[in-house]
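I have placed the structure first, in the form of structure tokens, so that the comments after it can refer back to it.
The values are calculated or read from the model by the stated rules, or taken from the named source; none is laboratory data. Only a predicted model underlies this, so the values are computations on that prediction, with no experimental measurement involved. Positions of Cβ are generated from backbone atoms using ideal geometry, with glycine treated the same way; all protein chains shown enter the neighbour counts. For the accessible areas, the whole protein counts, side chains as well, though only heavy atoms, and no ligand, DNA or RNA atoms are used. Shrake-Rupley method; radii C 1.70, N 1.55, O 1.52, S 1.80 Å.
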Amino acid sequence: AKPNAVRIIEVGARDGLQNEKKSIPVATKIELIERLAKTGLKDIEAGSFVSPKWVPQMDASDKILEHLLKNPPKAPNPVAYSFLAPNAKGLENALSVLHANPQTDTASKPIELSVFAAATESFSQKNLNCSIADSLLKFREVIKGAKDEGLRVRAYISVVLGCPFEGYDVDPKKVAEIACDLMEMGADEIALGDTTGMGTVPRTAELLKALKAAGLRSEDLAMHFHDTYGQALVNTAVSLESGIRSFDSSVGGLGGCPYSPGATGNVSTEDMVYFMESLGLDTGVDLDAVVDIGDWITKEIGKKNSSSVGKAILGK
Ligand code: HMG
Ligand code: MG
């Protein structure tokens, strides 16, 4: 990678849509993903192999994966599509689509899978219906299964800077311990989720210090900021300063976690790209194209556009 390159992971089609009450047609989701894939974004989260009883909106993720495998993005912009898979059932469902539609297009990046742990027991119970320790046992199996298939694995840790049930009482050492466990299981990357947007500059700095002290490298980490308190970009600046170069964002600022009451969307991709470019960092992403997609998808699903940069550019 170029020395000034940053990686933007677009999570709008998963984190952005999973919490929508009204069922969004599969065709709209696929159109969203395929439009995003043409903007220069190289990492796109596309769905989630979770229980449809828990998160009905992600129900058609198998159809989305199948479509993406049959219609790989055209070079020269290879895209890695990723899907959440929290347990053996999720892994099995993802792999059965993969096996039925093997990736033959060598120009495409392989599909990736993501597991998602939590930094607090209450959030783990609400989101995964089990303790942290039990979730890690399940993730070990998912990570091994995915790695055996040659797939890259991302491991999220949620509520790292604040929990809707336990408040600010999240121990950075506990986050570091879970991160080390997940790396030891074979995860390729740890995505640190500020699920509630409660992160602040000092707490973000403290967390990153604890992770480094535990042996994690900047290149092992990605930041996943929700912008509920409007602190996502300032926390992004702190993370950049500590050497991190991978950041999640969501077109139009869509999103929220169904098991995090009151949580709003991720920092918007429009704001993230604008911010990085203002610092002379190279995202490889066409900002105007993302602004248009943010305008389209928010209208399509009847949400307000939560991107400041998107609204500013559209209002010109
Ligand atoms: P459970 O009910 O404890 O699971 O849920 P179970 O193993 O007892 O199975 C119960 C039923 O669910 C069975 O079906 C299973 O087959 C089925 P039944 O026999 O009753 O008909 N089932 C599944 N079906 C499809 N796919 C699966 C699956 N697993 C079981 N993978 C489970 C456990 C983990 C499944 C459940 O808690 C769940 O699906 N949770 C999903 C939570 C979720 O998706 N949350 C949002 C994503 S995380 C997030 O947004 C945070 C993040 O953005 C980072 C951040 O912001 O911090 C990533
Ligand atoms: Mg999230």
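Cβ separations smaller than 7 Å between residues 6+ apart or across chains give the following pairs from the stretch 217-237 residues that are farther than 25 Å from A187 by Cβ to residues that are part of a helix (DSSP H, G or I): D227/G253; L233/D271; L233/F275; V234/V201. Looking across I33, I24, I9, one residue alone is part of a loop (DSSP other than H, G, I, E, B) and either touching a strand residue (DSSP E or B) at 6+ places or on another chain (Cβ under 9 Å) or at pLDDT 95 or above (or both). It is I24. Each residue in the stretch 53-70 was checked for being open to solvent by 70 Å² or more (accessible area, probe 1.4 Å) and outside any helix (DSSP H, G or I), and 3 pass. For the stretch 239-270, the tally of residues that are crowded, with 22+ Cβ neighbours inside 10 Å and away from ligand 1 (no atom under 14 Å from the Cβ) stands at 7.
Only one of these is within 16 Å of ligand 2 (Cβ to nearest atom), of a type outside the set (S, T, Y), in contact (Cβ under 8 Å) with a residue 24 or more places away in the chain and open to solvent by 50 Å² or more (accessible area, probe 1.4 Å): K174, K138, K109, K126. Name it.
Numbers: K174 fails: within 16 Å of ligand 2 (Cβ to nearest atom); K138 fails: within 16 Å of ligand 2 (Cβ to nearest atom); K109 fails: within 16 Å of ligand 2 (Cβ to nearest atom).
Just one listed residue meets the conditions, K126.
Say whether the condition of being within 15 Å of ligand 1 (Cβ to nearest atom), closer than 21 Å to L151 by Cβ and touching a helix residue (DSSP H, G or I) at 6+ places or on another chain (Cβ under 7 Å) is met by at least one residue in the stretch 194-213. No; the residues of the stretch 194-213 include none that is within 15 Å of ligand 1 (Cβ to nearest atom), closer than 21 Å to L151 by Cβ and touching a helix residue (DSSP H, G or I) at 6+ places or on another chain (Cβ under 7 Å). Against the conditions (1) assigned to a loop (DSSP other than H, G, I, E, B); (2) more than 13 Å from ligand 1 (Cβ to nearest atom); (3) open to solvent by less than 40 Å² (accessible area, probe 1.4 Å), Q103 satisfies every one except (3). In a residue-by-residue description of the stretch 71-86, the property of being in a helix (DSSP H, G or I), surrounded by fewer than 16 Cβ atoms within 10 Å (Cβ to Cβ) and not polar (S, T, N, Q) applies to no position. Cβ-Cβ distances below 6 Å connect the following pairs, each with a first residue in the stretch 13-25 that is open to solvent by 40 Å² or more (accessible area, probe 1.4 Å), a second residue that is within 16 Å of ligand 2 (Cβ to nearest atom), and a separation of six or more residues or different chains: N19/G256; N19/P258.
State yes or no: is S131 buried (at least 19 other Cβ atoms within 10 Å of the Cβ), touching a helix residue (DSSP H, G or I) at 6+ places or on another chain (Cβ under 8 Å), of a type in the set (G, A, S) and closer than 16 Å to Y259 by Cα? Taking the combined requirement at face value, the residue does not satisfy it. Looking at the stretch 219-237, can you tell me whether even one residue there is under 22 Å from E31 (Cα atoms), open to solvent by 50 Å² or more (accessible area, probe 1.4 Å), within 18 Å of the chain's Cα centre (by Cα) and polar (S, T, N, Q)? Scanning the stretch 219-237, I find no residue that is under 22 Å from E31 (Cα atoms), open to solvent by 50 Å² or more (accessible area, probe 1.4 Å), within 18 Å of the chain's Cα centre (by Cα) and polar (S, T, N, Q), so the answer is no. Here T39 clears all of (1) open to solvent by 10 Å² or more (accessible area, probe 1.4 Å); (2) closer than 25 Å to S246 by Cα except the condition numbered (1).
Test G199 against the stated conditions and say whether it is in contact (Cβ under 8 Å) with a residue 12 or more places away in the chain, buried (at least 20 other Cβ atoms within 10 Å of the Cβ) and touching a Ser or Thr at 6+ places or on another chain (Cβ under 8 Å). It would help to see each step written out before you state the result.
On the way: in contact (Cβ under 8 Å) with a residue 12 or more places away in the chain: yes; buried (at least 20 other Cβ atoms within 10 Å of the Cβ): yes; touching a Ser or Thr at 6+ places or on another chain (Cβ under 8 Å): no.
It is false that G199 is in contact (Cβ under 8 Å) with a residue 12 or more places away in the chain, buried (at least 20 other Cβ atoms within 10 Å of the Cβ) and touching a Ser or Thr at 6+ places or on another chain (Cβ under 8 Å).
Condition test on I44, is it over 22 Å from F139 (Cα atoms), without any contact (Cβ under 8 Å) to a residue 60 or more places away in the chain and β-branched (V, I, T)? No: the conditions fail for I44. Number of residues in the stretch 292-316 that are among the hydrophobic types (A, V, I, L, M, F, W, C), open to solvent by less than 30 Å² (accessible area, probe 1.4 Å) and closer than 22 Å to A237 by Cα equals 1.
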